[in-house]
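What follows is one structure encoded as structure tokens, with my remarks underneath.
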Amino acid sequence: MPDLARAKESPLAPSSASSDPPVTVKPSPAAARYLEAIYYLAHEGEQVRPGRLAEWLGVSPPTVTVSLQRLVRDGLVTVDSGRTISFTEAGEVAAAAVVRRHRVVECWLSEELGFDWVTADAEAERVAYALSDVVLDRLYEKLGQPATCPHGNEIPGAASADRRLVSLALLEAGAAARVSRISELAEHDSPQVLGLLDDEGVVPGVRVVAEPRSGDPGVVLVRVGGRTVALSRTTAASVWVEPLGSPG
């Protein structure tokens with residue numbers, strides 16, 4: 001069985017990025033899944049380790065080990081002595097292309113075909129890889145070159161403004177904010193959260209105002225369009241907002 005700790009025998013020994021320039025080659029479907037997962041976790045501020053990848057992808061730790069060995073071999077990732085996985089320059093480019101593909105297709109499925117968030121995310125996973133770059137670029141143009149996916153997460157390579165965001169769970173009572181994005185971690189770990197937020201109208205672009213805390217420390221109250229919405233603190237923590245100041 002492959003062992004990450006066997007530094008002398010495993011290509012997952014502590015490694016560093018190559019000095020060679022990155023080569024942009026479309027990864028295999030299996031590699032694309034790993035690159036996408038690493039990208040999401042890293043961009044949500046997590047230290048990416050093999051165990052977390054196994055959990056995210058629903059595979060066994062030995063399977064992750066073998067797949068990471070291939071990514072290291074191909075110059076896409078490095079693994080340090082603490083087992084933290086990082087992208088090489090080539091890996092970052094390849095992963096961003098995979099994520100861009102997924103998010104553009106999500107926009108198409110949601111905005112043009114009318115799928116709900118959860119279905120659009122799941123179907124994009126199945127459809128995105130099969131599209132050629134030519135079709136994807138034309139689709140992106142037809143959609144008006146969106147800057148984000150339907151949940152507000154930035155599409156790599158798209159023009160985007162600098163966003164100073166805070167978690168909705170940390171918004172002080174009386175403060176107003178505009179919903180900016182829903183965490184990728186919530187999308188993956190609790191897809192039902194997407195449906196709940198969509199149903200409650202807590203979606204990107206909507207203005208919300210934090211209500212005084214309820215008696216339950218696990219509940220966050222926000223005013224959305226003249227009504228009060230109760231969210232679990234965990235759900236509220238997955239919503240990132242741009243503060244607008246007090247409602248005045």
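Pull up region 177-198, narrow it to residues that are at pLDDT 90 or above and not in a strand (DSSP E or B), then point me to the one that is farthest from the chain's Cα centre (by Cα).
Result: L197.
Working only within region 103-134, note down all residues that are touching a helix residue (DSSP H, G or I) at 6+ places or on another chain (Cβ under 6 Å) and aliphatic (A, V, I, L, M).
V104, V105, L109, V118, A120, A124, V127, A128, listed by residue number.
Against the definition (acidic (D, E), outside the structural domain of D189 (by TED's automatic domain parsing), under 25 Å from S190 (Cα atoms) and crowded, with 20+ Cβ neighbours inside 10 Å), how does D116 come out, yes or no?
When the stated conditions are applied, D116 does not pass them.
Does any residue of region 125-146 turn out to be free of Cβ contacts under 8 Å to residues at least 12 places away in the same chain, aliphatic (A, V, I, L, M) and within 30 Å of L231 (Cα to Cα)?
Looking for residues that are free of Cβ contacts under 8 Å to residues at least 12 places away in the same chain, aliphatic (A, V, I, L, M) and within 30 Å of L231 (Cα to Cα), one finds none in region 125-146, hence no.
With the requirement that a residue be without any contact (Cβ under 8 Å) to a residue 40 or more places away in the chain and surrounded by fewer than 18 Cβ atoms within 10 Å (Cβ to Cβ), what does region 59-85 give you?
V59, S60, P61, T63, R70, G82, T84
Being assigned by TED's automatic domain parsing to the domain that holds E44 and of a type outside the set (F, W, Y) narrows it down to one of G195, G152, G218, G174, so name that one.
G152
Checking W108 against (1) assigned to a helix (DSSP H, G or I); (2) touching a strand residue (DSSP E or B) at 6+ places or on another chain (Cβ under 9 Å), only one condition comes out false. Which one?
(2)
Among the numbered criteria (1) over 17 Å from the mean Cα position of the chain (by Cα); (2) of a type outside the set (G, A, S); (3) farther than 11 Å from V239 by Cα, which one does I155 miss?
I155 satisfies every listed condition except (1).
Going by the conditions given, is V104 surrounded by 14 or more Cβ atoms within 10 Å (Cβ to Cβ), in contact with an Asp or Glu (Cβ under 8 Å, 6 or more places away or on another chain) and over 17 Å from D198 (Cα atoms)?
no
Within region 220-236, can one find any residue that is of a type outside the set (S, T, N, Q), under 24 Å from C107 (Cβ atoms) and under 17 Å from the mean Cα position of the chain (by Cα)?
Within region 220-236, not a single residue is of a type outside the set (S, T, N, Q), under 24 Å from C107 (Cβ atoms) and under 17 Å from the mean Cα position of the chain (by Cα).
Residues to consider are V166, V179, V193, V220; find the one that is aliphatic (A, V, I, L, M), out of contact with any helix residue (DSSP H, G or I) (no Cβ under 7 Å at 6 or more places or on another chain), buried (at least 19 other Cβ atoms within 10 Å of the Cβ) and in contact (Cβ under 8 Å) with a residue 12 or more places away in the chain.
V179
List the pairs whose first member sits in region 47-58 and is not assigned by TED's automatic domain parsing to the domain that holds L35 and part of a loop (DSSP other than H, G, I, E, B), whose second member is among the charged types (D, E, K, R) and surrounded by 17 or more Cβ atoms within 10 Å (Cβ to Cβ), and whose Cβ atoms are under 8 Å apart, counting only residues at least 6 apart or on separate chains?
none
The values are calculated or read from the model by the stated rules, or taken from the named source; none is laboratory data. Worth saying up front: this structure is predicted, and the values here are computed from it rather than measured. For neighbour counting, all protein chains shown are included, and Cβ atoms are generated from backbone atoms with ideal geometry for every residue, glycine included.
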